[in-house]
Amino acid sequence: MRLRPALAAAAGALLVTVSVPNSASAAVGNFEYRGPLLGSHLLSDPLSQQCINIPQATNLLPAQAPRNLTNSVATVYLDFDCDGDIYVTMDPGATLGTTTKFRSVVFQ
């Protein structure tokens, strides 16, 4: 008769472990870039699948010269909110020059 409570407890524990959401995944490494005033900045272990607006970028002055030193593919967008038709996809380890201007990035 004690088998039923044990089975119920085991089933409940399994349900709890399955229903707890996993923590968000992140790209491992740094994403480096120059701000509009040429200061160097970086994003460390940025979240994946989430658009990141570059804090130093403005409507008049975008960030530039991205270096993707993460283990994930990064896509940089000229517009904020990862919007628009102007974007560049960067493989891990890729470096782009100062002619690459961007205001947001997302990691795959």
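Computed quantities for the displayed model
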item: Selection status of T75, β-branched (V, I, T) and more than 13 Å from A27 (Cβ to Cβ); result: no
item: Filtered residues of the stretch 67-93 (kept if within 21 Å of S44 (Cα to Cα), among the β-branched types (V, I, T) and open to solvent by 80 Å² or more (accessible area, probe 1.4 Å)); result: T89
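The values are calculated or read from the model by the stated rules, or taken from the named source; none is laboratory data. As the structure is a computational prediction, the values presented were derived from the model and not from experiment. FYI the Cβ positions are ideal-geometry reconstructions off the backbone, even for glycines, and counts take in every protein chain you see. The accessibility values were calculated without ligands, DNA or RNA, using every heavy atom of the protein model including side chains. Shrake-Rupley method; radii C 1.70, N 1.55, O 1.52, S 1.80 Å.
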